[in-house]
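Derivation of every value follows stated rules applied to the coordinates shown; laboratory data play no part. Keep in mind it's a predicted model, so treat the numbers as computed, not measured. Glycine gets a Cβ as well: all are built from the backbone with ideal geometry, and neighbour counts include every protein chain shown.
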Amino acid sequence: MKLALTLLAAAAGWLAAANASAAIDAATLTGASTPLQTAQYGVRNYSAPVLTDGKHSPANYMAAPALPVWRFAQADPTGGVLTFERQPAPSNGWHAWSRQGAVLVTGGGNARADRVYTVYNGQQLVAAINQAGNEPKIIRVIGHIDLRWSQNNTVFREYTSYRDQKFGGSISLPSNTTLVGINDAQGRPARMTGTSILIGGELALTATGDEQADFKKWIADGKDGDDYPTWTRNVIVRNIAFDTPWDVNPEDSANAYADGITLSRAQNIYISHLSVSDGDTPDSLAGSTNKTRHDGALDVVRGSDYVTIASNVFNKHAKTTLVGNGDAGRAWSDEGRMHVTFSGNWYDGANTRLPLNRYGQVHMFNNLIAGSTSTKDSDVKFEGGTDARYRSNMLLENHYYSFTGLKVTEVCGKAIKGKDFIGFRSSGHIFTSDKSGTSAIDGQCGYAPPTGNNVWTPPYAYTLQTAAATLTSVPANAGAGKLP
């Protein structure tokens, strides 16, 4: 038996190496017809708040009640010398796969010298994207980016309405982009505040078309959904501290609009070493009315596929991550997609959705989940963890759960829960709490494992640490500032 396992492991290693050497450069998957979705974003309109589709009442308008201490920069501490910027993404996640086999996510790693940009403000960032378009490009962020500032970070104006924030406060990253933060001379990471990052968008084929009807017709005509020409592909985002934006004019008292980062009809995306939180403007500052001022921290929605979210820190945020944003009404775009890996992430004071998963074939391993169910601080109070929902299929391995106020008997149904999924496997975890001490958590949390066609194994090679090792390795490596 031991010999058989050794041979199997050796064969798996050989196969992974063979796949890596034969991997398709994700840049080649971007067709000439892939539209740029950038022109309408990053340009302020300063419009007045108005009721929009029955939402975003002007009465709900509220400027951010607190502002950060900005650390604007004027010089590059590296002298322009590139280190990690051209590196492709590693091959240990769903991002490195496709329906054609193994993929090498290069982002903008193959950029020409004139497509390597160093930016210090939001307008420079937008200009770099618009100039390079879908060409391979590396954008190096130094200092502090906030689209509410203009004229070389000398003029500040808060967002004036939902529409002003939606368009003027968002940056759309096109295909073949590497967006990275550069640490300053003190090792502090680049930071983005008051700004949403969009990777892709759900578009129709023509200006007068319909995004759902057009896609359905494409499939009905026997065409490959991956060839549908509105995908955004091959993007790497690394080493930035993101403050999720304060929604100045949310949909209503319970639903904000602005996400921190949104992947929509995006494929082969690698996101690592980010620190994502509500920063200086948590929801509690909104008071008891109009209390929800943030939406998702990092959402993967609208048919997005082959994504890895690795070595990030998520804290002080309520609705952390969606994989799939609807049930049966989204089957046309999401069924058979939403392959996402979460590995080496540190959830520390994130409230819920770690993630909430619909349709996704999600692999999670070696994540550290820390929180408190007994704290009086609503901005960091733990409410729910991994949530397997409609048509989801999940594999959870070797997590470390560190809690106050939560008993080991409450883990299943609180930190690990689900319903209406088609597959769920969970094993190898450790749970520690002031209420229950330390316990090994194995098995399914009472959930039935997948059967038949719903049984799957990740097609990529990955190194699985013990849950105990996760407790020390994740804080040492996760978050912004942990790269050169």
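Which of the numbered conditions does Thr320 fail, given that it passes all the others? Conditions: (1) more than 18 Å from Gly385 (Cβ to Cβ); (2) in contact with a Lys or Arg (Cβ under 8 Å, 6 or more places away or on another chain). So the condition that Thr320 fails would be (1). Candidates Val116, Val105: the one that is among the aliphatic types (A, V, I, L, M), within 20 Å of the chain's Cα centre (by Cα), farther than 18 Å from Tyr41 by Cα and surrounded by 14 or more Cβ atoms within 10 Å (Cβ to Cβ) is Val105.
For beta carbons closer than 8 Å, sequence separation of 6+ or different chains, a first residue in the stretch 472-484 that is closer than 19 Å to Ala190 by Cα and a second that is among the β-branched types (Val, Ile, Thr) and exposed (fewer than 15 other Cβ atoms within 10 Å of the Cβ), the qualifying pairs are Pro484/Thr83. If you go through the stretch 46-101 and keep only what is surrounded by 18 or more Cβ atoms within 10 Å (Cβ to Cβ), aliphatic (A, V, I, L, M) and over 26 Å from Pro282 (Cα atoms), you end up with Ala89, Ala96. Pairs meeting the criteria (first residue in the stretch 205-216 and surrounded by 12 or more Cβ atoms within 10 Å (Cβ to Cβ), second residue among the aromatic types (Phe, Trp, Tyr) and part of a loop (DSSP other than H, G, I, E, B), beta carbons under 9 Å, at least 6 apart or on different chains) are Leu205/Tyr228; Asp214/Tyr228; Phe215/Tyr228.
Given the criteria more than 25 Å from Thr341 (Cβ to Cβ), over 23 Å from the mean Cα position of the chain (by Cα) and surrounded by fewer than 18 Cβ atoms within 10 Å (Cβ to Cβ), does Arg157 qualify? Yes: the conditions hold for Arg157. When the stretch 71-112 is filtered for residues that are more than 30 Å from Asn366 (Cα to Cα) and acidic (Asp, Glu), only Asp76 remains. In the stretch 452-464 there is at least one residue that is surrounded by fewer than 19 Cβ atoms within 10 Å (Cβ to Cβ), in contact with a Ser or Thr (Cβ under 9 Å, 6 or more places away or on another chain) and of a type in the set (A, V, I, L, M).
If Ala73 passes every condition in (1) touching a Gly at 6+ places or on another chain (Cβ under 6 Å); (2) not in a loop (DSSP other than H, G, I, E, B) but one, which one does it miss? The one condition Ala73 does not meet is (2).
Across the stretch 201-241, the qualifying residues are those that are under 28 Å from Asp25 (Cβ atoms) and among the small types (Gly, Ala, Ser), and the one among them that is farthest from the chain's Cα centre (by Cα) is Gly222. With respect to (1) under 25 Å from His144 (Cα atoms); (2) of a type outside the set (D, E, K, R); (3) out of contact with any His (no Cβ under 7 Å at 6 or more places or on another chain), the lone exception for Ala254 is condition (1). In the stretch 361-378 there is at least one residue that is in a loop (DSSP other than H, G, I, E, B), under 21 Å from the mean Cα position of the chain (by Cα) and under 19 Å from Ala478 (Cα atoms). Among the residues of the stretch 266-275, is there at least one that is closer than 17 Å to Met192 by Cβ, assigned to a loop (DSSP other than H, G, I, E, B) and in contact with a His (Cβ under 9 Å, 6 or more places away or on another chain)? No; the residues of the stretch 266-275 include none that is closer than 17 Å to Met192 by Cβ, assigned to a loop (DSSP other than H, G, I, E, B) and in contact with a His (Cβ under 9 Å, 6 or more places away or on another chain). Picking from residues in the stretch 293-345 that are in a loop (DSSP other than H, G, I, E, B) and of a type in the set (Lys, Arg), the one that is farthest from the chain's Cα centre (by Cα) is Arg293.
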